[in-house]
Amino acid sequence: MHELLLLGQVPASSRVLVLKIFAGITGMQPQHLLEKHLVYRAPAPQIEGSVRYPNKQNPASSEPRQEYNHHVVVGLTEDESGPLRGSDSVTNQFRDLAEAGNKPVVIRVASDTKLIISQAYEVEDVTMSLWDKIVAAAPAPLKAQLTSGSIRKRSYYQDGHRFIHNNITIQIFRILKEPLDVPDPANSELPRFEELRLLDDSGAYTVQASMIIEDRNKPEIFDAAVKELLEFKELMRGCVDLRTVDRHALDTRAR
Amino acid sequence: MASLTFRPWTRDAPEAGSLKDVLSRVAADRGHFRELTEAALQEEIAGEGALESSDSDEDDENDDREDSQASAKPATRDDLFKARAEMLQHIDTANNEVMIALDFVSLLLTKDAPEKGKTTISAEIKKQIPLGSLGYDMWQNMPVNKAREAQDALLATNVRMETLQRSADSLLVAADRLESNVRKETQYWDQILSITANGWNVCKLPGQQHRLGVTYGFNESAPEFSRRGIAALNASPDGGILLERGIGSKPKAMRVVLRQGGLAVGRSRVPTVADESETMLEARIRHARNSLFDEELYHELLRESRGQASLGVSTTGDGIVFRSTSAESPQSTEVLLELVGLYDIQDDLDVKLEQDTLAQVIALVARTLLSQAHREKVKKRSGVPPPLSERRDDRPTLPILRPVMAFLLQHTAMKLVNQYTSSIGSLLAAAHIDHEDQLAAFDLSKAAEIHGVEDLAGILMQRWTSESVLSFYGTKITIRLETTLAQSFGTLYTLIGTNGRVSKFTECEELRTSCDAAIASELALYLQRKAGQAWKCNVREALITKHDSKDGKEDRIWVTVDSQAGLLALNSPTKKISWGSQSSSSNTFHDAWLELLG
């Protein structure tokens, strides 16, 4: 599946106004989303129609496969003055490099797989870290990827709101980093919300308008999706400037 | 040869030149009359020989004076330039004035002495003003005429007063208009505020500036209805608010009519329309909203009925019709859902019919289900949308008619089963058989858990079940009813006999016959148990036989139960004892049995 994106920025001072505008346009209340992203390195999955389908003629080719940054996204809930709690929505996300060329929107291959955390252990079980639970719950190929030498696990948090407008998902969020004095953040307990630090000190928010389409090669679907996104961009003209970004800024290849 | 010398002809001395030429020559020669004085010139003439040196002297003197001037005042250079510029400006102005005066005089002259005037007049004036058009006369000074002057002064005062009066009047008119505008605006905004205070949403009309409108529609309706849900608020000339023309003027409402055998036995209530002039603005808006809601409800019902034609729903010219049982019988009730204009049906509103409550309930349930469908729509579109694919989802039909039909079918089936049970009960009572029955009723065990409309709607969507139990002589027969419109039309009857045998029927008649047979079998079994080992029971035919060794014949006694005819009978080949509607024996069942035996 492919994801079509447009991105924009909103300063911290106008965030509330933009939230109200979105609420008016979409006719729904904002849904609060707090997520923890755990990033690990693995080769690209073999997705049909992907930009990089592995070489079938020469499967034993010795060139090292390009590794990408995959995200495991864990939904979190915020307790009143307590540590964050993980909910049971865990998704394994893969995003490929965006298509080159002068495109009206950012187009990239996307793959989201929902992981079912087994009910055998509560997510608040302190003896097992979140990462361990995820690894335990992952299906076999994913488990191999997660445990094979992916020692460099990074993590960050994403705090924001989500709206749905016809087929477009609108997210307005900002990135937060782990608290400072945690040695291995990906493996340790979840901190409290107040302890998280902003990545961008100005407190600006990112707006992302995205759509997922099933088949990139069918022009009816693709053109309809691009048209809808561009119409939304036109609708938001004057309020939020939505645009494509340089594909290398969204590069998920691991270096 | 004598040499010839040609001498040029003597010519007249060149003209002295007009003053203009002289002046220009002097200016070119000496600079513009800067240091030219009579004394200096005379000096020059005296010192002719030293003309050049005096020139240079003059220049030197000029320079000296310049320098002295320069040294006398510091930064004089800029001042000098400024002074020079100022002087030039003054000269320019003076030149201008002089030329204008010249033009004036020449224009004047052109009347009386054209040639003289023409030579001195400038070209532009000649172009713009025809020559000879300005003349002059000499007048004597008029003597002072006091009276006339006083009159003039009076006239002037009067004229001034008149104009002042007129401006005062126009100011007063403006003030009046302003006051009335303010009054109208205050009234208008007061009314708008009262509308918003009552919860209506007042907003800007799309596409029309300077006009407000009130929204009374529902966001989650089908597009053709949500578009109609906004009405403009126009200001009337006296400052009040008028709703846009046509809104709320022909209100409609949905009405449910129950009919049995062609006659109406129940009608749901429609809102009454008060006298138009008394209706407040808000009442009209409310009427408009109710009418829109009912119209949408009717529209959705129509859409649904088209898909449910196989279940016996039909649309006639009036509205949507369906029967409460699958069979045509005089018992069956016909339900008609129609959209009526409130003004068309005012006459027959007073008549109260027996099943009005049921009709009103049906109408309420339909409206509740529509609101629930709206809520479901919001929930559905608040979730992350699925990836775009070629499948185009048509607008799903909202389940409004189906739950109502299911409810009615269950209700009718329950009535039938209860009728049957009570008839059997009376038959058994006539035969003095102790029995107990539990009538079927709606299973309302979850009623305590209802916290809101959503729970209620959830219950409406589920399948309906009820149970009826008939027990006598220690045996129990259970009849279960279940209605769901998911699979098939009609109620599913399940008969559970004592031996656990389960049979399912879709028609009440089949249930009846089967149940009759089951009851007869049970009675036969009971008799057999009472009678003893010698008797054998054929359960299926409710027959007990005893092989009589004496005659070699067998005695047969069988039980018949016929609820249709209302008959319970104990038969032997020779005799028949029956209880029921036709003939009733006063024996108990037991006594009858003994009678037949002996």
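Quick notes on this one:
- Straight-distance crosslink candidates among lysines, where the alpha carbon sits under 28 Å from B:LYS20 and sequence neighbours closer than 8 are dropped: B:LYS111, B:LYS116, B:LYS118, B:LYS126, B:LYS127
- Think of it as helices only: each DSSP H run of n ≥ 4 in chain B is worth -39500 (n - 2.57), and spread over all residues that comes to -15500 deg cm²/dmol at 222 nm.
- Accessible area ranking (1.4 Å probe, heavy atoms, ligands and nucleic acids excluded), largest first, for B:PHE104, A:PHE173: B:PHE104, A:PHE173.
- FRET efficiency, 1/(1 + (r/R0)^6) with R0 60 Å, evaluated for B:ASN158 and B:THR37 via beta carbons: 0.40
- Summed over both chains, the accessible area lost when B and A associate is about 1200 Å², using a 1.4 Å probe.
- Listed residue pairs exceeding 18 Å between alpha carbons, taken from A:LYS36/A:LYS133; A:LYS36/A:LYS114; A:LYS36/A:LYS177; B:LYS352/B:LYS415; A:LYS103/A:LYS233: B:LYS352/B:LYS415
- √(5λ) per eigenvalue of the Cα gyration tensor, chain B, largest first, Å: 129, 33, 21
- Between 0 and 90°, nearest 10: helix B:19-30 axis offset from chain B longest Cα axis: 90
- Only Cα pairs under 8 Å and 6+ residues apart enter the sum, and on that basis the relative contact order of chain B stands at 7 percent.
- GluC sites (Glu not before Pro) within segment B:93-180, DSSP loop, no more than 10 other Cβ atoms inside 10 Å: none
- Going by accessible surface with a 1.4 Å probe and the largest first, B:LYS250, B:LYS118 read B:LYS250, B:LYS118.
- For peptide B:377-389, the mean count of partner chain Cβ atoms within 10 Å of a residue's Cβ comes to 6.
- Taking the Cα atoms of segment B:396-441, the ratio Rg/Rh between the radius of gyration and the Kirkwood radius comes to 1.30.
- Remark: the Cα gyration tensor places segment B:98-239 in the oblate category, a/c being 1.5 or greater and a/b not exceeding b/c.
- Acute angle (nearest 10 degrees) that the helix B:401-430 long axis makes with the longest principal axis of chain B, alpha-carbon atoms: 20
- For B:TYR136, the accessible area of its heavy atoms, probed at 1.4 Å with every protein chain present, is near 130 square angstrom.
The values are calculated or read from the model by the stated rules, or taken from the named source; none is laboratory data. Just so it is clear, the structure is predicted and the values come from calculations on it, not from any experiment. Virtual Cβ from ideal backbone geometry, glycine too; neighbours counted across all protein chains shown. Remember, those area values only see protein heavy atoms, side chains included, never the ligands or the DNA or RNA. Shrake-Rupley method; radii C 1.70, N 1.55, O 1.52, S 1.80 Å.
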